[in-house]
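Okay, structure first, notes after.
The values are calculated or read from the model by the stated rules, or taken from the named source; none is laboratory data. Because the structure is predicted, anything quoted here is derived from the model rather than measured. Methodologically, a virtual Cβ is constructed for each residue, glycine included, from the backbone with ideal geometry; neighbour enumeration extends over all protein chains shown.
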């Protein structure tokens, strides 16, 4: 059922693939998946050695058959927006090759937003007046809608106000 010819035909059909893409497309029955995976890996190794497959990306391994055109490769592979590395996304909306690149992009976006808002990278200390206003919220057991209003008045983010109020509540309950 899972002969080398059958697996090779699936690789030719896919043209550009990762080893797990081949295994998933073969849809082996339960209990055979590991065996099929080993067979796919050994076939890939022999076909790379014979020159019938070429490795496009080292890690994670991505291969292309000799039938694959540049158009086929570009259709399947994406370039990471942070590091520029080529990768095959698991989902069509993935833009980054790894979690690290995703986090770098997120940090950069946050930095740009903070800069646009005029918020420095260093956290401002809370003044006594601000703390008194926050203690009033804690004492009145205010709702979240009031946090946003106070945040605008104080020139703080809603999240900063929420976290400081939570901290003050913890301190109030501790005493």
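State whether the residues of the stretch 23-43 include one that is under 26 Å from the mean Cα position of the chain (by Cα), within 30 Å of residue 103 (Cβ to Cβ) and touching a residue at least 40 places away in the same chain (Cβ under 8 Å). No, because not a single residue in the stretch 23-43 is under 26 Å from the mean Cα position of the chain (by Cα), within 30 Å of residue 103 (Cβ to Cβ) and touching a residue at least 40 places away in the same chain (Cβ under 8 Å).
Quick one: would you say residue 57 is surrounded by 12 or more Cβ atoms within 10 Å (Cβ to Cβ) and at pLDDT below 90? For residue 57, the condition - surrounded by 12 or more Cβ atoms within 10 Å (Cβ to Cβ) and at pLDDT below 90 - is met. Of all positions in the stretch 107-125, none carries a residue that is under 30 Å from residue 8 (Cα atoms) and either at pLDDT below 90 or not assigned by TED's automatic domain parsing to the domain that holds residue 11 (or both). Can you find a residue in the stretch 84-92 that is at pLDDT 90 or above and not assigned by TED's automatic domain parsing to the domain that holds residue 164? Yes, the stretch 84-92 has at least one match. Among residues of the stretch 157-173 that are under 16 Å from residue 132 (Cβ atoms), those with a beta-carbon under 7 Å from a residue that is at pLDDT below 85 at least six positions away or on a different chain give the pairs 161/147; 165/137; 165/138; 165/147; 168/138; 169/138; 172/138.
Outside any helix (DSSP H, G or I), modelled with pLDDT under 85 and over 30 Å from residue 156 (Cβ atoms): does that describe residue 29?
On the way: outside any helix (DSSP H, G or I): yes; modelled with pLDDT under 85: no; over 30 Å from residue 156 (Cβ atoms): yes.
Considered against the rule, which asks whether it is outside any helix (DSSP H, G or I), modelled with pLDDT under 85 and over 30 Å from residue 156 (Cβ atoms), residue 29 comes out as no.
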